[in-house]
Amino acid sequence: MTDTQYLAPATLDEAVGAYAAADGAARILAGGTDLLVQMQSGFVKPGLIVDVKRIPELTAIEETGDGGFVIGAAVSGATLEKSTNFGRSWPGALEGLNLIGSTQIQGRASFGGNLCNGSPAADSVPALVAGDVKVTVQGPDGRRELAVADVPAGPGKTNLKPGEIAVSFHFPPRPPHSSDAYLRMIPRTEMDIAVVGCGVNLTMDGDTCTAARVALGAVAPTVVHVPDADAALVGSTLDDDALEAAAEACRAACNPIDDKRGTIAYRTSVAGTLLKRTAAIAAERAKA
Ligand SMILES: Cc1cc2nc3c(=O)[nH]c(=O)nc-3n(C[C@H](O)[C@H](O)[C@H](O)COP(=O)(O)OP(=O)(O)OC[C@H]3O[C@@H](n4cnc5c(N)ncnc54)[C@H](O)[C@@H]3O)c2cc1C
């Protein structure tokens, strides 16, 4: 750690320049709740740390005027929780971020760090994928926008190009009677890694579901969107048959590991159960 340089630029251009110039030897620091643990354990030894928390765009919470939100990639869950309008519109995305760790961790952990760390069990990512949230990234070749669903590439890997930094997350305006929810299964009550995570985003017209997106975490090498589950829910009243069809689609989308937290059969079964519970919460919120 002693040879690591630290830079805290005030502009994105400076951050991208330094990050790209380090040619893979640098790491971005947001909350540091993954990065510092990885450095402490010797898993990564960056030559340069680029702290992005002094860059206004990465720490801003903006309402776009049409009902959407732009959330800086380094905004912590604790800060975001103070934005009552965001919590009202996107309770599932907020609960995904604020399930992370403990109160201390939630004061640091960001959507950007959770996504870019590349864990298949990242708790905020299923709700972002279910919400069809887009992420703006900036690198040496300029800016581009990606669907969050297209960022994870496998455990510890992303599809960001060398030198690219996640800048902000764009939450689209919500049609009336839309909401979301995130649930995870862990063996303990908190401070554990998801055995399965499920994000559901719904629009309701009375008792009928008119739009749905379902995403699962911790059941495959990346968080997965489950279009067959979306299709099973849309047009239904979320009756038992529709929920069972969506649960079956979730089970079919599972390709999990077998480890001490859960066997393949257990994770697959839990994915279906979580879908039903998460959809019920999202529907209740959407109808309110
Ligand atoms: C005690 C403890 C409990 C935890 N519990 C959970 C949990 O329950 N659920 C869960 O999902 N995670 C958990 N984590 C992991 C961690 O807290 C989260 O993944 C968190 O969201 C990481 O965010 P951060 O801002 O701290 O990221 P950092 O640690 O700052 O960064 C994480 C990685 O992403 C990169 N990065 C960060 N920001 C950007 C950016 N803007 N652009 C490009 N790359 C970037 C960094 O270089 C690094 O490789 C836990 C960690 C600890 C220490």
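The values are calculated or read from the model by the stated rules, or taken from the named source; none is laboratory data. Just so it is clear, the structure is predicted and the values come from calculations on it, not from any experiment. Heads up, the Cβs are rebuilt from the backbone with ideal geometry, glycines too, and the neighbour counts pull from every protein chain shown.
So here's what we get for this one:
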| read-out | value |
| --- | --- |
| Residue in the stretch 80-94 that is near the ligand (Cβ under 7 Å from one of its atoms) and either hydroxyl-bearing (Ser, Thr, Tyr) or assigned to a helix (DSSP H, G or I) (or both) present | no |
| Conditions (1) touching a strand residue (DSSP E or B) at 6+ places or on another chain (Cβ under 6 Å); (2) more than 10 Å from the ligand (Cβ to nearest atom); number of the one not met by residue 46 | (2) |
| Set 102, 89: member being outside the structural domain of residue 200 (by TED's automatic domain parsing) and either modelled with pLDDT under 95 or within 25 Å of residue 20 (Cβ to Cβ) (or both) | 102 |
| Qualifying residues in the stretch 106-131 (those that are closer than 19 Å to residue 54 by Cα and surrounded by fewer than 24 Cβ atoms within 10 Å (Cβ to Cβ)) - the one nearest to the ligand (Cβ to nearest atom) | 108 |
| Looking only at the stretch 132-152, and only at residues there that are under 30 Å from residue 258 (Cβ atoms) and away from the ligand (no atom under 13 Å from the Cβ), the one that is surrounded by the most Cβ atoms within 10 Å (Cβ to Cβ) | 149 |
| Long-range neighbours under 6 Å by Cβ, at least six apart or interchain, first residue over 15 Å from residue 182 (Cβ atoms) within the stretch 95-111, second of a type in the set (S, T, N, Q) | 105/33; 107/76; 108/33; 108/76; 110/76 |
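Let's see how each residue does on (1) under 17 Å from residue 119 (Cβ atoms); (2) modelled with pLDDT of 95 or more; (3) surrounded by fewer than 15 Cβ atoms within 10 Å (Cβ to Cβ):
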residue	(1), (2), (3)
207	no, yes, yes
214	no, yes, no
221	yes, yes, no
229	no, yes, no
247	no, yes, no
274	no, yes, no
